[in-house]
Amino acid sequence: LLAHTIANIKQYFRSHPKAGYISLGVNDNHGHCVCSKCKAIDGDCINSVGEPDHSKTYYQFVNKVAQEVGKEFPDKIFGLLAYSNVTDPPKGKLDDSVVPYLTYDRMKWVDKKIRRKRRDINLKWGKKVSAIGWYDYSGGKHYSLPRVYFHQTADYLKWGYNNNVKYYYTEAYPPAGAIEGPKLYLTLKLLWNPNA
């Protein structure tokens, strides 16, 4: 699998020389290898979100791919979702080309306990990578009332900017009408200037 992945990514970058990045994302939720070899590495640990922890094997794989591909393509970025079973950072540092997107609904940061816990996870990640991405869930189309939390958004985006968060994506797909428009507008303005 490792050699196949490296070969395919190298071929992709050769065929798409202007591409600056590629995703090494995980399955949505579960589907990590639990063979005896991987189990011996991962153990039976439960991670910070209560899931079986597969960070050891996954980030070993990611690091090897990034390092090998980087020999030929040193300027490429490897994005991934630090999600579910791979939420927690690995013990060792990751290659500088790896950008984990920490997935979390940061509206929950309004709760002080949750905010403290998630900030701690961010700070731990900050010691393992050169840059962090956030994958957020700011949309409100599944809610009866608009999810409006302008100050909360401003606070967490400013905190992220000051703590190594360099990339941002959010699930904010505006439904028909203007319910989500002002919130997304404000978020985009804050991403341009977190101190606005």
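The values are calculated or read from the model by the stated rules, or taken from the named source; none is laboratory data. It should be emphasised that the depicted structure is a prediction, and the values quoted were computed from it without experimental measurement. Virtual Cβ from ideal backbone geometry, glycine too; neighbours counted across all protein chains shown. Just so you know, the surface numbers come from the protein's heavy atoms only, side chains and all, with ligands and any DNA or RNA stripped out. Shrake-Rupley method; radii C 1.70, N 1.55, O 1.52, S 1.80 Å.
Want the number for Cys45 to Gln67: 0.36 nm per residue separation, take away the alpha-carbon distance, what's left? Each step should come with its number before you reach the end.
Values: separation 22, 0.36 × 22 = 7.92 nm, distance 2.69 nm.
Roughly 5.2 nm would be gained on extension.
Quick one: P(r) of the stretch 1-69 from all Cα-Cα pairs, 10 Å bins, percents rounded to integers, in order of increasing distance.
Distribution as computed: 17, 44, 27, 12, 1 percent.
Leaving ligands, DNA and RNA out of it, work out the accessible area of Ile41 with a 1.4 Å probe and give it in Å² to the nearest 10.
The accessible area comes out at roughly 60 Å².
Any idea what the dipole of the stretch 1-92 comes to, in debye rounded to 20, about its Cα centre with Lys/Arg Cβ at +1 and Asp/Glu Cβ at -1? Before the final figure, lay out each step's value.
Working: 10 positive and 9 negative charges, 92 e Å.
The dipole of the stretch 1-92 has a size of about 440 debye.
Gap in Å between the Cα centre of the stretch 82-112 and the Cα centre of the stretch 119-156?
Here the two parts' Cα centres lie 11 Å apart.
Give me a comma-separated list of calculated 3J(HN,Hα) values for the stretch 125-141, in order, Karplus coefficients 6.51, -1.76, 1.60 applied at θ = phi - 60°, integers in Hz, x for any Gly or Pro.
Working through the residues one at a time gives 4, x, 7, 9, 9, 7, 8, 10, x, 10, 10, 10, 10, 8, x, x, 5 Hz.
Calculate the translational D of the chain in whole µm² s⁻¹ from Stokes-Einstein, where the hydrodynamic radius comes from the Kirkwood formula applied to all Cα pairs, the temperature is 4 °C and the viscosity 1.567 mPa s. Don't skip to the answer; put the middle values down first.
Working: Rh = 18.2 Å.
So the translational diffusion coefficient is about 71 µm²/s.
Mind ranking 54-66, 157-169 by how tightly packed they are, going by the mean number of other C-beta atoms within 10 angstrom, highest first? Could the numbers behind the result be given before it?
Working: 54-66: 20.1, 157-169: 16.4.
Top to bottom by mean Cβ count within 10 Å: 54-66, 157-169.
Starting with the highest mean, order 186-192, 103-109 by the number of other Cβ atoms within 10 Å, averaged over the residues of each peptide. Could the numbers behind the result be given before it?
Details: 186-192: 14.9, 103-109: 18.9.
Packing order, densest peptide first, comes out as 103-109, 186-192.
Which whole-number percentage describes the relative contact order of the chain, with Cα contacts under 8 Å and a sequence gap of 6 or more? List each step's numbers first, then the result.
Details: 269 pairs, mean separation 33.3, N = 196.
Value for the chain: 17 percent.
As a test of reading the structure, rank Tyr137, Tyr149 by solvent-accessible area (1.4 Å probe, protein chains only), most first. List each step's numbers first, then the result.
Numbers: Tyr137 60, Tyr149 20 Å².
Most to least solvent-accessible, the answer reads Tyr137, Tyr149.
Given Lys39/Lys113; Lys10/Lys56; Lys117/Lys183; Lys93/Lys158, which pairs have Cα atoms separated by over 30 Å? Each step should come with its number before you reach the end.
Working: Lys39/Lys113 32 Å; Lys10/Lys56 24 Å; Lys117/Lys183 25 Å; Lys93/Lys158 25 Å.
As for pairs spanning more than 30 Å Cα to Cα, those are Lys39/Lys113.
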